[in-house]
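Nothing in this text is a laboratory measurement; each read-out follows from the coordinates by a stated rule. Predicted model only: the values in this text are computed from it and were never measured.
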Amino acid sequence: MASAQGDVDTPQNRKPGRPRSDVSGQEVTELREQGLSWRQVASRIGVSPATCMRAARAFQNHENACQNLAVPDLDDCPQLWDD
């Protein structure tokens, strides 16, 4: 039986907690390399500085892992963490 609200997420279908922001760690890293501060990067992307730091750290960990696996192109490297 359909509800008046239509398709509603039930607790069984959702992860607990606040949804993660989808921020590109590569974009954050590139902006940081241009000399922008964490606050400036965060303002430009529209998230908090902590979210930028988290995305940059995850991207750096992924990049290092791919280099350790001797993957020549980072685009060919599998994603090593869960979203």
Percent relative contact order for segment 22-72, counting Cα pairs under 8 Å at least six residues apart, stands at 41 percent
In sequence order, what are the phi-derived ³J(HN,Hα) couplings for segment 56-64 according to the Karplus relation 6.51 cos²θ - 1.76 cosθ + 1.60 with θ = phi - 60°, rounded to whole Hz, with x for glycine and proline? 5, 5, 5, 5, 5, 4, 5, 4, 5
Cα pair count fraction exceeding 14 Å, expressed as % - segment 22-72: 49 percent
